[in-house]
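Novice: Have a look at this one before I ask anything.
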Amino acid sequence: MADVLSDEEVDEQLPEGWERDGDEIVRVFEFDDYMKGVNFAQLTGEIAEAQNHHPEMTIRYKELEIRFTTHDAGGITGNDIEMAEILNAEH
């Protein structure tokens, strides 16, 4: 199991565009239309499945909100930061 990052570690490692919300990191990705957001949600799901680290996702018109936390560790870990970095690179 991954170790929970300290507040300082989260602040230092949080990728561009992501914010901390309690024990989660969150980003709202914006798109030109609804289907581009849906397609990015599908891509996110495929990446998450391959990494065995699954986010909470909310699809809205032209937006996709993604939240990561490591439930079994009880907070934000390096796995969450890594997934955020991967999604930033894909967007």
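No lab work stands behind these numbers, since they all come straight from the coordinates. Given the structure is predicted, the values throughout are model-derived calculations rather than measurements. Glycine gets a Cβ as well: all are built from the backbone with ideal geometry, and neighbour counts include every protein chain shown.
Novice: In degrees between 0 and 90, to the nearest 10, how far off the longest principal axis of the chain does helix 78-90 point, with axes built from Cα atoms?
Specialist: 30
Novice: Still on this structure, I have one more. Farthest toward the dipole's positive end in the chain, which of Pro15, His54, Ala41, given Cβ charges of +1 (Lys, Arg) and -1 (Asp, Glu) about the Cα centre?
Specialist: Ala41
Novice: What nm distance separates the two modelled labels at Ser6 and Asn88, each placed 7 Å from Cα along Cα→Cβ?
Specialist: In this crude label model, Ser6 to Asn88 measures out at 2.2 nm.
Novice: Moving to a separate point now. Suppose every K and R has +1 on its Cβ and every D and E has -1 on its Cβ; what is the size of the dipole of the chain about the Cα centre, in Debye to the nearest 20?
Specialist: 480
Novice: So what is the orientation-averaged projected area of the chain, using the convex hull of its C-alpha atoms, in nm²? Can you show the working numbers first?
Specialist: Numbers: hull surface 21.4 nm².
With the hull built on Cα positions only, its mean projection is 5.3 nm².
Novice: Would segment 1-53 count as rounded, prolate or oblate if I go by the C-alpha gyration tensor, calling it rounded below 1.5 in a/c and otherwise prolate when a/b exceeds b/c, oblate otherwise?
Specialist: Working: a/c = 3.30, a/b = 1.58, b/c = 2.09.
Cα axes put segment 1-53 in the oblate bin.
Novice: On C-alpha positions alone, give me the angle between the axis of helix 34-51 and the longest principal axis of the chain, in degrees, nearest 10.
Specialist: It works out to around 40 degrees.
Novice: Pop a pseudo-label 7 angstrom from the Cα along the beta-carbon direction at both Glu56 and Val28 and give the gap in nm to one decimal.
Specialist: Calculated label separation equals 1.6 nm.
Novice: On to the next question. GluC sites (Glu not before Pro), restricted to segment 1-63: which are DSSP loop and have at most 11 other Cβ atoms within 10 Å?
Specialist: Glu16
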